[in-house]
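The values are calculated or read from the model by the stated rules, or taken from the named source; none is laboratory data. In this text, all values refer to a predicted model and were calculated from it rather than measured experimentally. For neighbour counting, all protein chains shown are included, and Cβ atoms are generated from backbone atoms with ideal geometry for every residue, glycine included.
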Amino acid sequence: MVVYSLYILNKAAGLIYQRDFNEGLKRLSSNDYLVLSGTFHAVYAIASQISPVPSSSGIEVLETETFRLQCFQTLTGTKFLLISEPRQQNTDAVLRRIYELYADYVIKNPFYQIEMPVRCELFDRHLATYIRGIP
Amino acid sequence: MYTDPHAIYLNLSCLDFLLVELIPMSERVVEVIGERKTSNGNALPAILSEKDGRIGEEERRGAVFKHVEGLGYRVGQGLVERFSQDRPRFTDVLDVMKFICKDLWHLIFRKQIDNLKTNHRGVYVLTDNSFRLLMRMSTEVGGLDTVTRAQPYLWFPCGVLRGALANLGVQATVVAETTAIPVAVFHIQALRQD
């Protein structure tokens, strides 16, 4: 499975984690990333409001010719965005596993402040090992 | 091992989160107690008061240690009371140590102590190569910084060990240290042998 990047957004639509797993990707400025995450948060909220089906969640999957974006929102309001290549299966299972890693190495880390940018060495390491190891 | 048909189950993550919050809470408690002492207008000994009247760093650290370790002490006492129920009597201190390393550690941390060393004169060194409480810790800087900041989180297990030993009849002092996350080493000095 080819995963391009991972974004984690906190409750207030702030970007707390951004990582590219593919070297070929162009890097944006950090401000651009913040704008991206804010925009997505807003679009997600709008989508859940204008949906014809009552009480639906926001955008879950966004698929284009060049990439596939899967969004997983936790019950606590944290959003995990996984960008992978198009027509990819099992991205939701990957996201769940990433959520598990997040709960283990970020939330249970006493040196991490909730809602702040994620700077946990162990999380980075385990994430990299997991992403590389997906068949 | 302990199959109790009326057992109630609780998620182990709750203990992890509780212990993580224990240290900041103790620091806040010590801070408040310190402020209360200075505002009372009592005569403070020289080491306690600094330029602005607040507790010195060394004193504060000692107070937090006492608080956290005291909490652990009570927990340790209660734990051995409950879980040494159906065991045969302990023959000597080494037997007590083996109980701690295998049974007690398994109860609290789901694993046994990796290494037990002794000089047969009352000094025991317990090594845990993947100590549960340290497994998730990592800071931005990593390495030495994490080790120094992780120190307070070892005080609670020290207390648990000291309380457990005390209730089994072994008076001891317990010191813990870590050189690399997640290895934890506990030095136990038994003062009196029963």
Practice item. State whether one or more residues within the range A:13-27 are under 24 Å from A:THR129 (Cα atoms) and among the polar types (S, T, N, Q). Key: yes
Practice item. Of the numbered conditions (1) out of contact with any helix residue (DSSP H, G or I) (no Cβ under 6 Å at 6 or more places or on another chain); (2) more than 14 Å from chain A (Cβ to nearest Cβ); (3) at pLDDT 85 or above, B:GLN151 fails exactly one; give the number of that condition. Key: (2)
Check your understanding: Quick one: is B:LYS37 in a helix (DSSP H, G or I) and at pLDDT below 85?
Key -> yes
Revision key, fill the gap. Residue count, the range B:110-126, condition out of contact with any Leu (no Cβ under 8 Å at 6 or more places or on another chain) and surrounded by 13 or more Cβ atoms within 10 Å (Cβ to Cβ), comes to 4
Check your understanding: From the list B:VAL174, B:VAL170, which residue is buried (at least 21 other Cβ atoms within 10 Å of the Cβ), free of Cβ contacts under 8 Å to residues at least 60 places away in the same chain and more than 14 Å from chain A (Cβ to nearest Cβ)?
Key -> B:VAL174
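Table: residues versus (1) of a type in the set (Ser, Thr, Tyr); (2) in a helix (DSSP H, G or I).
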{"residue": "A:ALA42", "(1), (2)": "no, yes"}
{"residue": "A:PRO54", "(1), (2)": "no, no"}
{"residue": "A:SER57", "(1), (2)": "yes, no"}
{"residue": "A:LEU82", "(1), (2)": "no, no"}
{"residue": "A:GLN89", "(1), (2)": "no, no"}
{"residue": "A:ASP92", "(1), (2)": "no, yes"}
{"residue": "A:ARG96", "(1), (2)": "no, yes"}
{"residue": "A:GLU100", "(1), (2)": "no, yes"}
{"residue": "A:TYR105", "(1), (2)": "yes, yes"}
Check your understanding: Do you know which of the residues in the range B:92-127 that are out of contact with any Ser or Thr (no Cβ under 9 Å at 6 or more places or on another chain) and of a type in the set (D, E, K, R) is farthest from B:LEU10 (Cα to Cα)?
Key -> B:ARG121
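Just checking, does the range B:136-145 include any residue being within 14 Å of chain A (Cβ to nearest Cβ), in contact (Cβ under 8 Å) with a residue 40 or more places away in the chain and either under 16 Å from B:VAL174 (Cβ atoms) or surrounded by fewer than 19 Cβ atoms within 10 Å (Cβ to Cβ) (or both)?
For the range B:136-145, residues within 14 Å of chain A (Cβ to nearest Cβ), in contact (Cβ under 8 Å) with a residue 40 or more places away in the chain and either under 16 Å from B:VAL174 (Cβ atoms) or surrounded by fewer than 19 Cβ atoms within 10 Å (Cβ to Cβ) (or both): absent.
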